[in-house]
Amino acid sequence: GDTSFDEITAVQPWVDFCHDIGVDVDAPQLHHPRLFKSHQRPAALNRGARIASIVREPRDVVKSYYSFYVQKDHPLVRGKSLDEWACEWADVGTSNGTLWEYYVQLYQCRCALGAMDSRAAASSAPLMLLEYSALASDLPSHAHRSAEWLQGGGGETIDTSAENIARA
């Protein structure tokens, strides 16, 4: 239709290089809450940030990265099969480190938080972990959980109506 991408997106693209691609992080955002996407390890993110991280099966991450790099004709994958590139990537990683380092940091963050004894404590925690296949198979439950977590950070009420969840 007539709706532009900017009118339907609720996530600022990649705060890590927003200035490089001309995204003004201080510009008014069309949607609430204000979110930024990143592939950085937690240790590389701004202090005080609340992190919602979606984790996936490592083989799915490898396939996704490889496909993305192939689409962009990235030099790291040129002339390499998925298996060849996967072996290199698992050992070397990207400028953000390896997938294993990322998962270890998420685990360390989770351990540092300790047990969340109450729903209120979990909703105000600085880290929320979501597992991709569970999220994809039950979006309504995860939408409610995510909204509760976002509101626990002092944000405004988030619309969790069936219509809004279906739109998400």
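Using θ = phi - 60° in the Karplus curve 6.51 cos²θ - 1.76 cosθ + 1.60, the 3J(HN,Hα) couplings for the range 44-52 round to 9, 8, 4, 5, x, 6, 9, 10, 10 Hz; x is entered for Gly and Pro. Electrostatic bookkeeping for D91 treats Lys and Arg as +1 and Asp and Glu as -1; over the other residues with beta carbon under 15 Å from its beta carbon, the sum is -3. Counting Lys and Arg as +1 and Asp and Glu as -1 over every other residue whose Cβ lies under 13 Å from the Cβ of P58, the net charge comes to -1. Around the amide H of L130, modelled in the peptide plane, lie the amide H atoms of S53, I54, V55, all under 5 Å away and 5 or more residues distant in sequence or on another chain. Solvent-accessible area per residue in the range 61-133 equals 65 Å², computed with a 1.4 angstrom probe and all protein chains kept.
The values are calculated or read from the model by the stated rules, or taken from the named source; none is laboratory data. Everything numeric in this text was worked out from a predicted model, so none of it was measured. Quick reminder, even Gly has a Cβ in these numbers, built from the backbone with ideal geometry, and neighbours come from all protein chains shown. These accessible areas exclude ligands, DNA and RNA; they are computed on the full protein's heavy atoms, side chains included. Shrake-Rupley method; radii C 1.70, N 1.55, O 1.52, S 1.80 Å.
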